[in-house]
Amino acid sequence: MAPPPPQSNRSPSPSQPSGKSEVSDLKLQLRQLAGSRAPGTDDSKRDLFKKVISNMTIGIDVSSLFGEMVMCSATSDIVLKKMCYLYVGNYAKVNPDLALLTINFLQRDCKDQDPMIRGLALRSLCSLRVANLVEYLVGPLGSGLKDNNSYVRTVAVIGVLKLYHISATTCIDADFPETLKHLMLNDQDTQVVANCLSALQEIWTLESTTSEEAARERENLHSKPYVYYFLNRIKEFSEWAQCLVMELVAKYIPSDNSEIFDIMNLLEDRLQHANGAVVLATTKVFLHLTLSMADVHQQVYERIKAPLLTQVSSGSPEQSYAILSHLHLLVMRAPYIFSSDYKHFYCQYNEPSYVKKLKLEMLTAVANESNTYEIVTELCEYAANVDIPIARESIRAVGKIALQQYDVNAIVDRLLQFLEMEKDYVTSEALVLVKDLLRKYPQWSQDCIAVVGNISSNNVQEPKAKAALIWMLGEYSQDMHDAPYVLESLVENWDEEHSAEVRLHLLTAVMKCFFKRPPETQKALGAALAAGLADFHQDVHDRALFYYRLLQYNVSVAESVVNPPKQAVSVFADTQSSEVKDRIFDEFNSLSVVYQKPSYMFTDKEHRGTLEFSDELGNLSINAETGDSVVPAQRVEENDKDLLLSTTEKDDVRDPGSNGSAYNAPSYNGSVPSATSQPLADLAFSSTGATGQAPAPGLAIDDLLGLDFSVGTATTPSPPPLTLNPKAVLDPGTFQQKWRQLPISLSEEYSLSPLGIASLVTPNALLRHMQSHSIQCIASGGQSPNFKFFFFAQKAEEASIYLVECIINTSSAKSQIKIKADDQSSSQAFSTLFQSALSKFGLP
Amino acid sequence: MPPLMAIEFLCRVADVINGYLGGLNEDSIKDNFVIVYELLDEMIDNGFPLTTEPNILQEMIAPPNIVSKVLSVVTGNSSNVSDTLPGSTASCVPWRTADPKYANNEVYVDLVEQMDATINRDGVLVKCEINGEVQVNSHITGLPDLTLSFANPSILDDVRFHPCVRFRPWESNQILSFVPPDGQFKLMNYRVRKLKSTPIYVKPQLTSDGGICRLNVMVGMRNDPGKTVDSVNVQFQLPPCILSADLTSTHGTVNILSNKTCTWSIGRIPKDKAPSMSGTLVLETGLERLHVFPTFQVDFRIMGVALSGLQIDKLDLKTVPYRFYKGFRALTRAGEFEVRS
């Protein structure tokens, strides 16, 4: 244990309170001490105060001691005063009546002869934040602003701001902003000046929406006299106040170039400041002042480089991260500035991964002809790193550098080495990169294909990598000897492939392969199209159908659609528009840079999205338990229904022909027989001459496809209808976590029946109704006309969960639904289910 | 809100509380919550950072040290808050206590350097850099004005100063001219890039065959810096695919913790022969060779040498007519010193 503070060395440190009896005990002791003038009283008081405050900190209500505490605080001991102020400040908010009691003694302390007590009392007085007591603030604040001690003035200035937030009109009526302005321009103490500046900025910004004068005053702050006044005193300001002044200067628009140079000369030594915040604020001033002068702007980059790099390597990881995100922004604008300092961005073993990730991004951004070799060598070291996410990131970084066109030759070799490393995540990442490389540099196909061909598709599990491999199999099937057979075996395992992306790629790859090597691929193509048509994923189904009809129409047209001659991709789309980047640059030295988003994206309500959700969930009533207790009868009934349902479900599963009523999968029963009944007679196969190789005579396509179709309809089971687990459980914590993690898979708007609207008097009515459809509510809230619900449901016999946010407006009879699901592919089905359940609400 | 302002401020709060309580953890804060409250009260108000200079804070709120304890027992005045407000809040050298008095006037200047280096598996120095600090401990009566100059300031790549350092003399003549705060403070940080060699070498060798990996690490002096290298320590994380490890060393002790962190404490490198550690690592069944290679983190300390080569030329005192004692020291430590294998 650390040494206890001096005052407690005669008694044990504050003990853990045992409850009520102790509070009354304390009360008694305080009362005894209150009137005492005996020597040593202060020490015993201190011990008691400490106990009271430690009780307060751990959440025990000691507000009943208020009177005694105030009585005891009539002392000259500052520590006692401080503790008492702390106590008062904590309880005044919830106990305005008690606060009135304290006003008197605080006001008296505001006139104490010790400036420290005056200041502390004034600070506590302003921190009470009780609206009906503001009238008592004006007097002490007024005299505090005129106090001859700067400490009191500093406190009083902030006090004005606090007053403004409690009651803006009182503050304006007392003409405090004007007083502050006077102080700001005349006070000797720079801390007072700085506090005036920040208080006025805040007040005028808030006032400017209603008052033109305030708006004008705020603009004035950026005018030459003010800016020069602050700049001339810059060295006297504390480091934090310097940051404030710099922020102001960055907004100043100088009238000519000589002014710019004067300011920069004045501020140059700030770049050498030990405080990173000052350095970054100065950097912002420099960058913004010189925007109009291109060549000076470049020199500024050179000048700020060394100080910023020093900041990266000294200081805590958090500091490094903040600085690195700013460097990343700069390097986007001027890639060459750090090109010779790339070693600063080498990752160190001990660094937290968020710093490492940013450093990898920096390394990608600074790579150019001269340093690519070293950087890529370094990145390859990380690929064997113990930290797997970083290993992946570094492989991606290698790929990105390759796409920037430097030294591609060496990089391709490295990537191919990755493929041979026999680590699944390395292989996966490398495959995705090789695919992107080939799209840009088709000339490397020979080398790459030779290596890629050796990779067994069984060893690749990640969807992205598998899709990349399949793409290459399709695209380069003429060069890969066993491409058709690999694809065929993949098609055979169609049902085991869970990712729709992979299935889509597989369809296209088989098509491409078919155009290049028809005889070998025919069988696979038929099987793939059949499996695709029977697929329950809408996109896969549509693509298969599209290919099928395209082939039916004209094979050469199909080829020109599916496998047209391609041009190499010259530039991959940038994820962020330059407008957004400029916007972030304008907000240099703010969180926008760290988040890599302009501020409106995270401050405006509509952009905040899920962040908001966590607040709301707290306010909404949690219905997870109450739902059960309210409707026990329904539960039983529901269980009975469940038994019935499950028998019919089994029938559904066995009979692929009849789709469960709950699932509105597109029915092929209409289209497929029509296709088979006209066995592709009009499929202009003679034109396959265009592919350069006529199919063997025995393999007529109608035969082939016809066969496959019958097989397809007979063997591929239609997707099982979606049924929900009626007894799904999910605790609110997991719900919140999932809601944050999952992307929105569906967002729809339904209209509600008038009957439903009529029944929606209280949220509970809907909850019970939805529960009978196995959709549970976790939270609900709102008042007419707007209701908001969070539902969840679970797939029967599976852990897959659906989360729903449902906003119902009763006046427009509309409901907005957002669905998130563990299994994205079935969210459409769930949506239908949800809608049907909702539409039945209120029906008899 | 500038992000660095928040982070720097939090770091400063941590430093100050650390300085006051001699440690920053849950217990020390719980035991001294009154002081922590008082400190935070002075350091920030309504979201604006106010006084963060440790010197001034110590005048407003006395730290809970032994001196003040003794004082309170002797004098019976146990307030840990000084009776008057610090005068310097209004002075033009806000970092300095108003008017300290000392019987012995003395200034100690320490060069403390940290060497960050990365060495790849072929023993090539990928990156080597020194981050140094000039720490000053000054106890001088009155308002002294000091100048400190270096014999070879040109080797410094980038410098950062305590607010007390005047910028112009540095810019024109590379002289540090300053009115020091009272007591211990960091006068300057500097960075020296592109160093060519490290004082010690660490050579790890890993050869794997048939599910067994042989590890051999050699440590030795490279360029004798003239002073002893001590507190040498090699630490590394065994990859997760290793089932068991059996390592022995010719010098020092080897410790393997349950989280697979392996520490080899060597201490002082003996003059006559280079210490080595060797042994076998058993890999997971089914694994032939090792794919993930550990990074060795090396720790060492050299007293009496600043490896960057920076040398203090002279320290002068102006304005105050006292004789004073000057002391200089240097120390180099390993910072992020990594050897890849």
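Is it true that B:Lys227 is of a type outside the set (Val, Ile, Thr) and under 15 Å from B:Pro294 (Cβ atoms)? Talk me through it step by step, then tell me what you get.
On the way: of a type outside the set (Val, Ile, Thr): yes; under 15 Å from B:Pro294 (Cβ atoms): no.
No; evaluated as a whole, the condition is false for this residue.
To keep it simple, each residue is scored yes or no on (1) assigned to a helix (DSSP H, G or I); (2) more than 7 Å from chain A (Cβ to nearest Cβ).
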{"position": "B:Ala14", "(1), (2)": "yes, yes"}
{"position": "B:Asp27", "(1), (2)": "yes, no"}
{"position": "B:Glu38", "(1), (2)": "yes, no"}
{"position": "B:Thr51", "(1), (2)": "no, yes"}
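Could you tell me which of the residues A:Pro96, A:Pro115, A:Pro39, A:Pro12 is under 50 Å from the mean Cα position of the chain (by Cα), modelled with pLDDT under 75 and within 14 Å of chain B (Cβ to nearest Cβ)?
Details: A:Pro96 fails: within 14 Å of chain B (Cβ to nearest Cβ); A:Pro115 fails: modelled with pLDDT under 75; A:Pro39 fails: under 50 Å from the mean Cα position of the chain (by Cα).
It is A:Pro12.
With respect to A:Ser570, determine if the residue is outside any helix (DSSP H, G or I) and either closer than 30 Å to A:Leu291 by Cβ or modelled with pLDDT under 70 (or both). Spell out the reasoning first.
Working: outside any helix (DSSP H, G or I): yes; either closer than 30 Å to A:Leu291 by Cβ or modelled with pLDDT under 70 (or both): yes.
Taking the combined requirement at face value, the residue satisfies it.
Let me confirm something: among B:Arg214, B:Arg222, B:Arg268, B:Arg191, which residue is charged (D, E, K, R) and free of Cβ contacts under 8 Å to residues at least 40 places away in the same chain? Steps first, please.
Working: B:Arg214 fails: free of Cβ contacts under 8 Å to residues at least 40 places away in the same chain; B:Arg268 fails: free of Cβ contacts under 8 Å to residues at least 40 places away in the same chain; B:Arg191 fails: free of Cβ contacts under 8 Å to residues at least 40 places away in the same chain.
Going through B:Arg214, B:Arg222, B:Arg268, B:Arg191 in turn, the sole match is B:Arg222.
For region A:92-107, enumerate the residues that are surrounded by fewer than 21 Cβ atoms within 10 Å (Cβ to Cβ), of a type outside the set (A, V, I, L, M, F, W, C) and in contact (Cβ under 8 Å) with a residue 12 or more places away in the chain. Write out each step before concluding.
To start, the set of residues in region A:92-107 that are surrounded by fewer than 21 Cβ atoms within 10 Å (Cβ to Cβ) comprises A:93-98, A:100-101, A:103-105, A:107.
Subsequent filtering for residues that are of a type outside the set (A, V, I, L, M, F, W, C) retains A:93, A:95-97, A:104, A:107.
A:Lys93, A:Asn95, A:Pro96, A:Gln107, listed by residue number.
Could you list all residues from region B:295-307 that are touching a residue at least 60 places away in the same chain (Cβ under 8 Å) and either of a type in the set (D, E, K, R) or within 14 Å of chain A (Cβ to nearest Cβ) (or both)? Before the answer, list the steps.
Going residue by residue through region B:295-307, those that are touching a residue at least 60 places away in the same chain (Cβ under 8 Å) are B:296-307.
If the condition is that a residue be touching a residue at least 60 places away in the same chain (Cβ under 8 Å) and either of a type in the set (D, E, K, R) or within 14 Å of chain A (Cβ to nearest Cβ) (or both), then B:Phe296, B:Gln297, B:Val298, B:Asp299, B:Arg301 are the ones that fit.
List the helices (runs of 4 or more DSSP H) that sit entirely inside region A:300-413 and contain at least 1 residues that are over 30 Å from the mean Cα position of the chain (by Cα).
Here the list reads A:372-383.
Working only within region A:433-453, note down all residues that are hydrophobic (A, V, I, L, M, F, W, C) and either at pLDDT below 80 or surrounded by fewer than 22 Cβ atoms within 10 Å (Cβ to Cβ) (or both).
Narrowing region A:433-453 to residues hydrophobic (A, V, I, L, M, F, W, C): A:433-434, A:437-438, A:444, A:448-452.
Within region A:433-453, A:Leu437, A:Trp444, A:Cys448, A:Ile449, A:Ala450, A:Val451, A:Val452 meet the criteria.
Would you check if A:Val408 is more than 22 Å from B:Pro240 (Cα to Cα) and in contact with a Lys or Arg (Cβ under 6 Å, 6 or more places away or on another chain)? Talk me through it step by step, then tell me what you get.
Values: more than 22 Å from B:Pro240 (Cα to Cα): yes; in contact with a Lys or Arg (Cβ under 6 Å, 6 or more places away or on another chain): no.
The answer is no for A:Val408.
Kindly evaluate A:Ala837 against the criterion of being part of a helix (DSSP H, G or I), surrounded by fewer than 22 Cβ atoms within 10 Å (Cβ to Cβ) and modelled with pLDDT of 75 or more. Walk me through how you get there before you give the answer.
Working: part of a helix (DSSP H, G or I): yes; surrounded by fewer than 22 Cβ atoms within 10 Å (Cβ to Cβ): yes; modelled with pLDDT of 75 or more: yes.
Criteria met by A:Ala837.
State yes or no: is A:Gln461 over 27 Å from the mean Cα position of the chain (by Cα), modelled with pLDDT of 75 or more, in a helix (DSSP H, G or I) and not basic (Lys, Arg)? Before the answer, list the steps.
Values: over 27 Å from the mean Cα position of the chain (by Cα): yes; modelled with pLDDT of 75 or more: yes; in a helix (DSSP H, G or I): no; not basic (Lys, Arg): yes.
Judged against the criteria, A:Gln461 is not a match.
Somewhere in region A:66-75, is a residue under 15 Å from A:Asp112 (Cβ atoms), part of a helix (DSSP H, G or I) and of a type outside the set (D, E, K, R)?
Here is the first cut: in region A:66-75, the ones under 15 Å from A:Asp112 (Cβ atoms) are A:73-75.
With the extra rule that they be part of a helix (DSSP H, G or I), the set shrinks to none.
No, because not a single residue in region A:66-75 is under 15 Å from A:Asp112 (Cβ atoms), part of a helix (DSSP H, G or I) and of a type outside the set (D, E, K, R).
When region A:47-91 is examined, which residues are found to be within 14 Å of another protein chain (Cβ to nearest Cβ) and of a type in the set (Ser, Thr, Tyr)?
A:Ser54, A:Thr57, A:Thr75, A:Ser76, A:Tyr85, A:Tyr87, listed by residue number.
Could you please find all residues in region A:152-167 being of a type outside the set (A, V, I, L, M, F, W, C) and within 14 Å of another protein chain (Cβ to nearest Cβ)? Let's see the steps before the verdict.
Looking only at region A:152-167, we keep the residues that are of a type outside the set (A, V, I, L, M, F, W, C), and these are A:153-154, A:159, A:162, A:164-165, A:167.
Across region A:152-167, the qualifying residues are A:Arg153, A:Thr154, A:Gly159, A:Lys162, A:Tyr164, A:His165.
Need at least 3 residues that are at pLDDT 85 or above and within 14 Å of chain B (Cβ to nearest Cβ) per element, so show me which helices (runs of 4 or more DSSP H) inside region A:168-242 make the cut, counting only ones lying wholly within it. Let's see the steps before the verdict.
Details: elements: A:168-173, A:176-186, A:190-207, A:212-221, A:224-232.
In region A:168-242, the matching helices (runs of 4 or more DSSP H) lie at A:190-207.
Applying the selection to region A:278-296, what residues are farther than 14 Å from A:Ile263 by Cα and either surrounded by 17 or more Cβ atoms within 10 Å (Cβ to Cβ) or β-branched (Val, Ile, Thr) (or both)?
Going through region A:278-296, the residues farther than 14 Å from A:Ile263 by Cα turn out to be A:278-280, A:291-295.
Across region A:278-296, the qualifying residues are A:Val278, A:Val279, A:Leu280.
Give me a count of the residues in region B:220-255 that are under 20 Å from A:Asp387 (Cα atoms) and out of contact with any strand residue (DSSP E or B) (no Cβ under 7 Å at 6 or more places or on another chain).
Adding up the residues that qualify gives 2.
Does A:Phe787 count as assigned to a strand (DSSP E or B) and farther than 30 Å from A:His537 by Cα?
Numbers: assigned to a strand (DSSP E or B): yes; farther than 30 Å from A:His537 by Cα: yes.
When the stated conditions are applied, A:Phe787 passes them.
For region B:290-311, indicate whether the set of residues that are closer than 30 Å to A:Gln417 by Cα and under 15 Å from the mean Cα position of the chain (by Cα) is non-empty.
Looking through region B:290-311, none of the residues is closer than 30 Å to A:Gln417 by Cα and under 15 Å from the mean Cα position of the chain (by Cα).
I'm checking my understanding of the structure. Among residues of region B:249-297 that are of a type in the set (Phe, Trp, Tyr) and assigned to a strand (DSSP E or B), which one is farthest from B:Thr198 (Cα to Cα)?
Across region B:249-297, the extreme among qualifying residues is B:Trp264.
Which condition number does A:Arg270 fail, the rest of (1) outside any loop (DSSP other than H, G, I, E, B); (2) within 11 Å of chain B (Cβ to nearest Cβ); (3) surrounded by fewer than 22 Cβ atoms within 10 Å (Cβ to Cβ) being met?
That leaves (3) as the condition not met.
So how many residues does region A:786-835 have that are free of Cβ contacts under 8 Å to residues at least 40 places away in the same chain and among the small types (Gly, Ala, Ser)?
Result for region A:786-835: 4.
Where in region B:93-167 are there strands (runs of 3 or more DSSP E), lying fully within it, with 3 or more residues that are within 14 Å of chain A (Cβ to nearest Cβ) and within 22 Å of B:Leu310 (Cα to Cα)?
Values: elements: B:106-119, B:125-139, B:145-150, B:158-161.
The strands (runs of 3 or more DSSP E) meeting that bar are B:106-119, B:125-139, B:158-161.
Consider A:Lys343 against the criteria (1) away from chain B (no Cβ under 13 Å); (2) of a type outside the set (Ser, Thr, Tyr); (3) within 12 Å of A:Leu309 (Cβ to Cβ): it satisfies all of them except one. Which criterion is unmet?
It is condition (1) that A:Lys343 fails.
May I ask you to verify whether A:Met69 is under 47 Å from the mean Cα position of the chain (by Cα) and under 24 Å from B:Glu59 (Cα atoms)? Show your work before the answer.
Working: under 47 Å from the mean Cα position of the chain (by Cα): yes; under 24 Å from B:Glu59 (Cα atoms): no.
Here the answer is no, as A:Met69 does not meet what is asked.
The values are calculated or read from the model by the stated rules, or taken from the named source; none is laboratory data. Remember, it's a predicted structure, so these values are computed and weren't measured experimentally. No Cβ is skipped: glycine too gets one built from the backbone with ideal geometry, and neighbour counts run over all protein chains shown.
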